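The values are calculated or read from the model by the stated rules, or taken from the named source; none is laboratory data. Predicted model only: the values in this text are computed from it and were never measured. Note that each Cβ is placed from the backbone with ideal geometry, even for glycine, and that neighbours are counted across all protein chains shown. All accessible areas refer to the heavy atoms of the entire protein, side chains included, with ligands and DNA or RNA removed. Shrake-Rupley method; radii C 1.70, N 1.55, O 1.52, S 1.80 Å.
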Amino acid sequence: MTEEAVQPPPIPAQAAAAPGHSPLGALDPRWPSWPGWLGIVLGFLVMVAGLGGLAAIQVARLRFERPEILAWVAIGGAVLQVSGLTWLALRGVLVRRWLAPTRYRGPSVILLLILAIFLSTAAVVPFSADATVLVTGRGQMSELGALVLLTATQVALLAVTALFVLLPDALHGLSFLGRRGAARSVGIGLGFGLVAWIGATLASAVAAWLLTQAGIRPEPQAAEQALSIVDPLIAVPAVVIVAPVAEELFFRGVAFNAWLREYGYRRALFGSALLFALIHGSLLALLPIFLLGIGLALVYDRSHSLLASMVMHATVNGISVALALAFRYDLFKLPV
């Protein structure tokens, strides 16, 4: 193979353009997007066909000797969708790899989040009975089911971040410890974590009051429900350690930094906070987690330390977990 054959394609002038002018799809035509979209659309149709067939058998009580075939059809459709999403994510890395190091050179943040949700959903499907217990609060969860349900999304976020952002160096120069070291980052995280917990608690009270006034009954988050029924040896590490590390790495490390480099500070700040709030899937927690996301991004931006935002996040979760467990085991009671 000649030297000319391995040279990268010419980099267009806009490849190093200012934020907001990302030439995604214009840099390397050898990697088309259509296989990814084909896998997603075809996989969706196949999955719907399989699930629809199972539903029809259940509702109409139709006779079908091997319903497991339809289940495998649905699983095959899900695999096709994940394959399509993976192709698009890989294409994002390959297409953008010629951008300047100061740019974000990875896949779409939204695409990575959707891929993580698909992967985590696939992981929890075998534990549907445990999921029912978690939602209703009635029954007994298996230890493995509790562990998977509480960590699947976070592990999936870590996986897609490692594969499509960290390994290809899509965010060159990403800061983990900041300029003043780990001890300074931990101190910042602890201090601002206490302030953030107070603010989030007040915001939660306001959100609960507004929902009540609108005739909507506030529902607790899955993590809050888990703390009342799951073994603390599983729930505490999942909520206080795994969640802060994975979510800060993705929402501040990837989402905030990627959008900061591509679209500017304001969109990065509010966009990453909104994404952070939406992923928790709770109407009651939407406002407080959005505000917490803004606070976490501000602390990260000022300290240039992911460790600081991780400790801040862990402090907020840790205080809430400690209080929840205290009430669960009747260590203290509120006066009536």
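Results, tabulated for the structure shown:
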quantity	calculated
Any hit, region 171-180, residues being at pLDDT below 95, touching a Ser or Thr at 6+ places or on another chain (Cβ under 9 Å) and at positive phi	yes
Close pairs (9 angstrom Cβ cut-off, 6 or more residues apart or separate chains): without any contact (Cβ under 8 Å) to a residue 60 or more places away in the chain and open to solvent by 20 Å² or more (accessible area, probe 1.4 Å) in region 306-319, of a type in the set (K, R) and in a helix (DSSP H, G or I) anywhere	none
Unmet criterion (only one of (1) out of contact with any Leu (no Cβ under 8 Å at 6 or more places or on another chain); (2) open to solvent by 40 Å² or more (accessible area, probe 1.4 Å)) for G137	(2)
Spans of helices (runs of 4 or more DSSP H) in region 138-231 with at least 2 residues in contact (Cβ under 8 Å) with a residue 40 or more places away in the chain and more than 29 Å from Y329 (Cα to Cα)	143-161, 181-213
Pairs where the first residue, in region 88-110, is touching a residue at least 40 places away in the same chain (Cβ under 8 Å) and the second is polar (S, T, N, Q), C-beta under 7 Å, 6+ apart	L88/S33; R91/S33; G92/S108
Hits in region 234-263 (condition: open to solvent by 20 Å² or more (accessible area, probe 1.4 Å) and within 17 Å of R302 (Cβ to Cβ))	L260
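One line per residue, one yes/no per condition, for (1) within 16 Å of A314 (Cβ to Cβ); (2) touching a helix residue (DSSP H, G or I) at 6+ places or on another chain (Cβ under 6 Å); (3) among the β-branched types (V, I, T):
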{"site": "Q154", "(1), (2), (3)": "yes, yes, no"}
{"site": "F164", "(1), (2), (3)": "no, yes, no"}
{"site": "D169", "(1), (2), (3)": "no, no, no"}
{"site": "G178", "(1), (2), (3)": "no, yes, no"}
{"site": "G193", "(1), (2), (3)": "yes, yes, no"}
{"site": "W197", "(1), (2), (3)": "yes, yes, no"}
